[in-house]
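Only one structure is covered here, and it is reproduced in the block below.
The values are calculated or read from the model by the stated rules, or taken from the named source; none is laboratory data. Just so it is clear, the structure is predicted and the values come from calculations on it, not from any experiment. We place every Cβ from the backbone using ideal geometry, glycine too, and count neighbours over all the protein chains shown.
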Amino acid sequence: MLPPRHSSFSRHAAGRPVAAARFWMPALARWVRLADPSACPSPAERDRFAQRVLEDKSALFSLDKVRALLAGRVADDDVEARARQLLDAAVAKRLQEGESVVLAAEGVTAEGREMFVRMAAAAERPRHLILLEVPRDQVREEDRATVNELRRALDAGELGGEGFQTVLRLGGASVSELKRIVFRSPPRDD
């Protein structure tokens, strides 16, 4: 059973990034890429961004990766359900072991984020959302309402109510200017 939602801990960060974004302690972070998969900003581009900026690349998980691992090993009709089960289990295990998890998200709905945020909260892990923005013309028409709702919630500071402790919005040149994202314990003072 998942714990109740946490009260709001939201932080809103926007503007020019520093050379490295540092999040103390292993954490759950979600990349949310807002784009039509057939447009230039694709899951492959999202994954390239994550591989470029993440210090611990083994922390990166996505349904695409799990589907690729299952291809040819599981009946085509069962791949989607099995991929979700395996992703959920892998994320839960890493969180329980106190390790960082970075989810390359496919959706931007609150329902799509909730299960993983609650998993991280149950394991007492920090939760961060990193929104990678794309131009409006690269978002499919049928996705615009959902995307706009996420942007509105971010701007209003409401994602803390979902359990996120930090929300970082990256768009334009800041995506390429960000050099590194690090999840580790803070340095000791002695």
Check your understanding: Just a yes or no: is a residue in the stretch 153-166 in contact with a helix residue (DSSP H, G or I) (Cβ under 6 Å, 6 or more places away or on another chain) and either of a type in the set (K, R) or within 24 Å of D56 (Cβ to Cβ) (or both)?
Key -> yes
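For the stretch 130-146, what are the residues that are assigned to a helix (DSSP H, G or I), surrounded by 14 or more Cβ atoms within 10 Å (Cβ to Cβ) and either at pLDDT 80 or above or polar (S, T, N, Q) (or both)?
Applying the first criterion (assigned to a helix (DSSP H, G or I)) to the stretch 130-146 yields 136-138, 141-146.
Add one more test, that the residue is surrounded by 14 or more Cβ atoms within 10 Å (Cβ to Cβ), and what stays is 138, 143, 146.
Matches in the stretch 130-146: Q138, T146.
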**Study point:** Lone unmet requirement of (1) at pLDDT 85 or above; (2) within 15 Å of the chain's Cα centre (by Cα); (3) basic (K, R) for R152
**Key:** (2)
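With under 21 Å from E162 (Cα atoms), modelled with pLDDT of 85 or more, in contact with a Lys or Arg (Cβ under 7 Å, 6 or more places away or on another chain) and part of a helix (DSSP H, G or I) as the only criterion, which of L95, L103 stands out? Walk me through it before giving the result.
On the way: L103 fails: part of a helix (DSSP H, G or I).
It is L95.
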